[in-house]
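The values are calculated or read from the model by the stated rules, or taken from the named source; none is laboratory data. In this text, all values refer to a predicted model and were calculated from it rather than measured experimentally. For neighbour counting, all protein chains shown are included, and Cβ atoms are generated from backbone atoms with ideal geometry for every residue, glycine included. The accessibility values were calculated without ligands, DNA or RNA, using every heavy atom of the protein model including side chains. Shrake-Rupley method; radii C 1.70, N 1.55, O 1.52, S 1.80 Å.
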Amino acid sequence: MEVKLAKYAGFCFGVKRAVDTVYERVDSGRRIYTYGPIVHNEEVVKDMEAQGVSVIKNEEALDDFNPEPDSLVVIRAHGVTKREYDKLTAKGFEIIDATCPFVKKIHNIAIEQETLGRQVLIAGDPEHPEIKGIVGWCNGPVKVFRNYEDAEKFVPEKGINYVLLAQTTFQVKKFKEIVDLFANKEYNIYVVNTICNATEERQRSAAELSQEADAMIVIGSNGSSNTRKLYEICRERCENTYYIQTLDDLHLVLPNTTKLVGITAGASTPQNIIEEVQNNVRGTYF
């Protein structure tokens with residue numbers, strides 16, 4: 001029997017960059033805050049809090065907040081709205097923008113496309129901070145499609161040109177389905193695939209591994225959009241798929257015929273948690 005880790009799993013470039021940005025400053029002697037959890041992983045946030053980093057949870061909390069002199073705020077990997085950025089500036093913080101470069105690129109594309117006269121459409125979760133941030137940099141109306149069914153209900157206005165973007169962690173297959181839907185209806189929509197490479201690599205390697213595995217373990221926070229999508233992909237291909245945040249959540253029930261257990265992890269999952277799960281499965285079940 002074998003335990004196999006997906007080729008691409010765990011921290012992506014944008015998450016590592018944001019996390020490192022905070023840890024590099026914890027010994028600076030300054031008061032450090034993050035605007036929103038720096039990434040969607042409770043274990044990472046807890047560790048930062050233990051080292052004196054505080055989280056300003058949302059805009060409402062920011063409105064009532066008066067920072068100490070010389071305070072530093074790090075903007076989360078998911079980015080923020082322009083209004084939130086302006087409020088942080090007005091509060092007198094030194095701002096370190098750790099928005100993922102791939103997310104920041106979507107902000108810039110949305111702004112540029114609006115100047116070209118196109119209305120922005122986005123495939124993604126309207127409640128996710130990344131999507132809220134993108135919408136918050138647009139001047140005109142924005143329509144967000146959570147899934148194919150939402151897109152199917154969309155009726156474009158006559159004389160309006162559109163641009164379709166995607167949340168960086170949107171499922172590749174589902175984005176293609178929405179693109180094909182609009183193409184078949186011959187809507188006047190310009191498409192820019194803004195799903196990041198790391199997402200595509202993780203989804204592809206998770207799909208390949210779950211296709212051959214007898215059981216799959218998907219590690220990541222319950223609040224992690226990209227981890228949920230990895231779980232959906234694995235569950236479609238492997239009935240015995242488990243979604244856990246840490247080793248404490250792992251309760252494997254393996255068939256006697258099990259030959260391969262696959263493991264993958266969301267882009268906000270630290271390497272130490274992945275290794276802990278991997279070593280425990282090897283030591284306990286094999």
* Within the group Lys132, Lys158, Lys105, which residue is open to solvent by 20 Å² or more (accessible area, probe 1.4 Å), of a type in the set (Lys, Arg) and over 20 Å from the mean Cα position of the chain (by Cα)? -> Lys158
* To do: Of all residues in segment 53-70, count the ones that are open to solvent by less than 40 Å² (accessible area, probe 1.4 Å), of a type in the set (A, V, I, L, M, F, W, C) and assigned to a loop (DSSP other than H, G, I, E, B).
  => 1
* **Matching residues, segment 208-223, being farther than 12 Å from Glu42 by Cα and within 18 Å of the chain's Cα centre (by Cα)** => Val218, Ile219
* Structure fact -> Listed by range, strands (runs of 3 or more DSSP E) wholly within segment 180-286 having at least 3 residues that are surrounded by fewer than 16 Cβ atoms within 10 Å (Cβ to Cβ) are none
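Quick grid of which residues meet (1) in contact with a Phe, Trp or Tyr (Cβ under 6 Å, 6 or more places away or on another chain); (2) under 30 Å from Val142 (Cα atoms); (3) in contact (Cβ under 8 Å) with a residue 12 or more places away in the chain; (4) not hydroxyl-bearing (Ser, Thr, Tyr):
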site	(1), (2), (3), (4)
Lys46	no, no, no, yes
Val53	no, no, yes, yes
Glu60	no, yes, no, yes
Asp63	no, yes, yes, yes
Leu72	no, no, yes, yes
Ala77	no, yes, yes, yes
Thr81	no, yes, yes, no
Ala90	no, yes, no, yes
* To do: Could you give me the residue pairs with C-beta distances under 6 Å whose first residue belongs to segment 203-218 and is in contact (Cβ under 8 Å) with a residue 12 or more places away in the chain, whose second residue is among the charged types (D, E, K, R) and open to solvent by 10 Å² or more (accessible area, probe 1.4 Å) wherever it lies, and which are 6+ apart or on separate chains?
  => Ser205/Lys7; Ser210/Arg237; Gln211/Arg237; Asp214/Lys259
* If Arg76 satisfies every condition in (1) closer than 30 Å to Glu276 by Cα; (2) of a type in the set (Lys, Arg); (3) surrounded by fewer than 20 Cβ atoms within 10 Å (Cβ to Cβ) but one, which is the exception? -> (3)
* Which pairs do you get when a residue that is under 13 Å from His40 (Cβ atoms) and open to solvent by less than 40 Å² (accessible area, probe 1.4 Å), found in segment 117-129, comes within reach of a residue that is of a type in the set (Val, Ile, Thr) and outside any strand (DSSP E or B), reach meaning Cβ atoms under 8 angstrom, with the pair 6+ apart or on two chains? -> Asp125/Ile131; Pro129/Val80
